[in-house]
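*Asks:* Structure below; questions to follow.
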2 protein chains.
Amino acid sequence: MKKLINSPDSVIADALRGVAAAHPSLAVDLENRVISRAGGATPGKVGLVSGGGSGHEPLHGGYVGYGMLDAAAPGEVYTSPVPDQILAATMAADGGAGVLHIVKNYTGDVLNFRMAAELAEDEDVRVVSVVTNDDAAVEDSTYTAGRRGVGGTVFVEKIAGAAAEEGADLDTVARIATHVNEVTRSFAIALHAGTVPAAGKPGFDLAEDEVELGVGIHGEPGRERGAMAPVHDLVGYSLDVIHADRPVTGDVLVMLNGQGGTPLIELYGAFAEAVAWIEGHGGRVARSLVGNYITSLDQQGFSISVMSLDDDLLRLWDAPVSTPALRWGR
Amino acid sequence: MKKLINSPDSVIADALRGVAAAHPSLAVDLENRVISRAGGATPGKVGLVSGGGSGHEPLHGGYVGYGMLDAAAPGEVYTSPVPDQILAATMAADGGAGVLHIVKNYTGDVLNFRMAAELAEDEDVRVVSVVTNDDAAVEDSTYTAGRRGVGGTVFVEKIAGAAAEEGADLDTVARIATHVNEVTRSFAIALHAGTVPAAGKPGFDLAEDEVELGVGIHGEPGRERGAMAPVHDLVGYSLDVIHADRPVTGDVLVMLNGQGGTPLIELYGAFAEAVAWIEGHGGRVARSLVGNYITSLDQQGFSISVMSLDDDLLRLWDAPVSTPALRWGR
């Protein structure tokens, strides 16, 4: 293993020092490991908190800022943040109107966010939690009862963030977040596994002619091993699965996401295939993201997330956002 | 080799279809392979054109937009665009005030941009060329007489683009671009080589305990093979080279750039080391970029670019920019 690190033990602390130095718009609490807005919580606004294992950057810290999250709690690589850490993020996000927890559906995350929510209630901060589970690949998996929360989490953070910024109350923001998750499906294929620094070797082995179909964001197994194929076929397989689970029709938002180790030129080629597939099935790609938005360290591969758009969701998607990783309209 | 492609021959065409579908702000001429602003050239504004081999995305197409480039000409992977293609980009960028060519110093690029400039002059478009050569690693190299143009090209495109947007004339924009190149130095280290699709295997081999110190953006050899080391040492080595060539003092702009295959979490850790080094040597990181801005396909490693800031450069750096890959302030 060759990694740009000092030691496997210092990866998160070193990265957080870098985040703090790179982004004056963020406040980084190095001791509690919380990334929040430099200006603090917005009085009267619903606070949005997310978090989870590290290794998925820019998720979640890169989405802290106007129009999206108020605070993020990054755990160790592929490991849930702890309850006290999530509590600290919750308190940093609290502007007096309650706090929404956006939790990807993994057993550790769900448990620790629930404990943090109880601790926050003890501090008189009302918390509502929304659990994302947009992965159409498998019903249960290594770290989950039920479906995994993956790329759709980015959509939830953006759209719920816009609603909160507009002044929606906690129950409304939670309802919108839940709706976004419900109308989003994702699917991922890996070509090469990422390497967790503390493990020192790739999370799984694939032969030169194999891919993992329906892989999770921690390299968890998917539906099956498949044969390596042209990107046209890999994208088609992914959209077939998504479409069978929830029809891809009408106007959609599509994220063609890299897993961290795949070059942008390939992601654009994959996106072209996704657009052709969707148009061929009567849908229309009204909005899109192409790039690395929810990664798995240096894993090679892609994921596709498809969300059905309506006028409200489109307006909230287009609303101004100003974070390190997503920024437009302001 | 496993790549998200249909075939090595279709990589650029497929990616350009994806760029066209993803970015309504861009016009993509699939036949001539030119990416330009959807709104066309800005009347009375100096046009900015860059280009070069593909595989370095988001460079250059991702920097087309308000405050930066007017058009980009992407060649085949690691191969210069051809003169007619650069001519088409130049005509697309021409708003009647002349066109600046921003050319990275590689023999093929310099030659083809020169021929395109002559063709444009025949069409009564005045062209001035600025050649970037900010790589402090080596004097001559595989594809170059003189130093290589690398990460500093991003700074040149941003700052010259801001000057053009403000209404500066062609000679002034060229002078500013030249100045940016002169006050910028870069250095790169690779951990694993990238794979050119048509070649099907990594561009060079490194042992598990080796790195390439001073690598070029096409995997060209650098100063020497070195031993793999903590990121603290690799960043220190890089900044020692840069500092010896041009002192890193005062306020600086720093880009901690990934080569395409290195996860963002590691780039932030590397950036933290760079900030500590620079502050320890009496400098101050006043502005920064951390992420994948000029890549080498799926190569693993990083580059550091350091530019000396003054009030004018700072103002132009901070000026609004709205492109797929850089966006702020507007």
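The values are calculated or read from the model by the stated rules, or taken from the named source; none is laboratory data. Bear in mind that the values here come from a model prediction, so they are computed numbers and not experimental data. Methodologically, a virtual Cβ is constructed for each residue, glycine included, from the backbone with ideal geometry; neighbour enumeration extends over all protein chains shown.
*Asks:* Of the residues B:Gly18, B:Gly47, only one is under 21 Å from the mean Cα position of the chain (by Cα), crowded, with 24+ Cβ neighbours inside 10 Å, facing another protein chain (nearest Cβ under 7 Å) and not aromatic (Phe, Trp, Tyr); which?
*Replies:* One residue alone meets the criteria, B:Gly18.
*Asks:* Check B:Leu267, B:Leu289, B:Leu313 and return the single one that is under 27 Å from A:Ala193 (Cα atoms), touching a helix residue (DSSP H, G or I) at 6+ places or on another chain (Cβ under 9 Å) and not assigned by TED's automatic domain parsing to the domain that holds B:Gly55.
*Replies:* From the options B:Leu267, B:Leu289, B:Leu313, the qualifying one is B:Leu267.
*Asks:* Consider the stretch A:29-50. How many of its residues are of a type in the set (Val, Ile, Thr) and in contact with a Ser or Thr (Cβ under 8 Å, 6 or more places away or on another chain)?
*Replies:* Let us first name the residues in the stretch A:29-50 that are of a type in the set (Val, Ile, Thr), namely A:34-35, A:42, A:46, A:49.
Those still in the list that are in contact with a Ser or Thr (Cβ under 8 Å, 6 or more places away or on another chain) too: A:49.
So the count comes out to 1.
*Asks:* Can you tell me which residue is nearest to the other protein chains (Cβ to nearest Cβ) among those in the stretch B:31-44 that are of a type in the set (Val, Ile, Thr) and surrounded by 23 or more Cβ atoms within 10 Å (Cβ to Cβ)?
*Replies:* B:Ile35
*Asks:* Right, next: Does A:Ile217 satisfy the criteria of being within 14 Å of chain B (Cβ to nearest Cβ) and crowded, with 17+ Cβ neighbours inside 10 Å? Before the answer, list the steps.
*Replies:* On the way: within 14 Å of chain B (Cβ to nearest Cβ): yes; crowded, with 17+ Cβ neighbours inside 10 Å: yes.
Against the criterion (within 14 Å of chain B (Cβ to nearest Cβ) and crowded, with 17+ Cβ neighbours inside 10 Å), A:Ile217 qualifies.
*Asks:* When you check A:Leu69 against the structure, is it within 14 Å of another protein chain (Cβ to nearest Cβ) and at pLDDT 95 or above, yes or no?
*Replies:* Details: within 14 Å of another protein chain (Cβ to nearest Cβ): no; at pLDDT 95 or above: yes.
Considered against the rule, which asks whether it is within 14 Å of another protein chain (Cβ to nearest Cβ) and at pLDDT 95 or above, A:Leu69 comes out as no.
*Asks:* Looking only at the stretch B:204-215, how many residues end up being touching a residue at least 24 places away in the same chain (Cβ under 8 Å) and part of a loop (DSSP other than H, G, I, E, B)?
*Replies:* 2
*Asks:* Sort out which residues of the stretch A:250-282 are in a helix (DSSP H, G or I) and among the small types (Gly, Ala, Ser), and write them in order of number.
*Replies:* If the condition is that a residue be in a helix (DSSP H, G or I) and among the small types (Gly, Ala, Ser), then A:Gly269, A:Ala270, A:Ala272, A:Ala274, A:Ala276, A:Gly280 are the ones that fit.
*Asks:* Any idea which of (1) surrounded by fewer than 24 Cβ atoms within 10 Å (Cβ to Cβ); (2) closer than 22 Å to B:Asp134 by Cα is the one B:Ala229 doesn't satisfy?
*Replies:* Of (1) surrounded by fewer than 24 Cβ atoms within 10 Å (Cβ to Cβ); (2) closer than 22 Å to B:Asp134 by Cα, only one is false for B:Ala229: (2).
*Asks:* Looking at (1) over 17 Å from B:Lys158 (Cα atoms); (2) among the small types (Gly, Ala, Ser); (3) within 14 Å of chain A (Cβ to nearest Cβ); (4) crowded, with 23+ Cβ neighbours inside 10 Å, find the lone condition where B:Ala13 falls short.
*Replies:* Here B:Ala13 meets the rest and fails (4).
*Asks:* Something else now. Identify, from the list A:Thr323, A:Thr249, the residue that is crowded, with 20+ Cβ neighbours inside 10 Å and either more than 11 Å from every other protein chain (Cβ to nearest Cβ) or polar (S, T, N, Q) (or both).
*Replies:* After ruling out the rest, the residue left standing is A:Thr323.
*Asks:* Cβ-Cβ distance below 9 Å, separation of 6 or more or different chains: which pairs start in the stretch A:281-309 with a residue that is touching a residue at least 24 places away in the same chain (Cβ under 8 Å) and surrounded by 24 or more Cβ atoms within 10 Å (Cβ to Cβ) and end on one that is in a strand (DSSP E or B) and of a type in the set (Asp, Glu)?
*Replies:* Partner pairs satisfying both residue conditions: A:Gly301/A:Glu212; A:Ser303/A:Asp135.
*Asks:* Also: Which numbered condition trips up B:Met1, out of (1) at pLDDT 95 or above; (2) surrounded by fewer than 24 Cβ atoms within 10 Å (Cβ to Cβ)?
*Replies:* (1)
*Asks:* Name the residues in the stretch B:171-214 that are crowded, with 17+ Cβ neighbours inside 10 Å, touching a strand residue (DSSP E or B) at 6+ places or on another chain (Cβ under 6 Å) and of a type in the set (Val, Ile, Thr), would you?
*Replies:* The answer is B:Val173, B:Val183, B:Thr184, B:Ile189, B:Thr195, B:Val196, B:Val211.
*Asks:* Before we move on, is B:Met255 away from chain A (no Cβ under 12 Å) and either in contact (Cβ under 8 Å) with a residue 12 or more places away in the chain or closer than 30 Å to A:Gly269 by Cα (or both)?
*Replies:* no
*Asks:* Specify the residue that is surrounded by the most Cβ atoms within 10 Å (Cβ to Cβ); the eligible residues are those in the stretch B:310-320 that are part of a helix (DSSP H, G or I) and of a type in the set (D, E, K, R).
*Replies:* So the residue we want is B:Arg315.
*Asks:* In the stretch A:21-30, which residue that is without any contact (Cβ under 8 Å) to a residue 60 or more places away in the chain and in contact with a helix residue (DSSP H, G or I) (Cβ under 9 Å, 6 or more places away or on another chain) is nearest to the other protein chains (Cβ to nearest Cβ)?
*Replies:* A:Ala21
*Asks:* Those residues that are under 21 Å from the mean Cα position of the chain (by Cα) and modelled with pLDDT of 95 or more, I need them from the stretch B:219-242; list them, please.
*Replies:* Within the stretch B:219-242, B:Val235, B:Ser238, B:Leu239, B:Val241, B:Ile242 meet the criteria.
*Asks:* Which is modelled with pLDDT of 95 or more, assigned to a strand (DSSP E or B) and out of contact with any Gly (no Cβ under 6 Å at 6 or more places or on another chain), of A:Leu100, A:Leu119?
*Replies:* A:Leu100
Results for (1) over 30 Å from B:Pro202 (Cβ atoms); (2) within 13 Å of another protein chain (Cβ to nearest Cβ), shown as yes or no for each residue.
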residue: A:Val138; (1), (2): yes, no
residue: A:Ala163; (1), (2): yes, no
residue: A:Thr172; (1), (2): yes, no
residue: A:His179; (1), (2): yes, no
residue: A:Ala199; (1), (2): no, no
residue: A:Glu212; (1), (2): no, yes
residue: A:Ala229; (1), (2): no, yes
residue: A:Leu234; (1), (2): no, yes
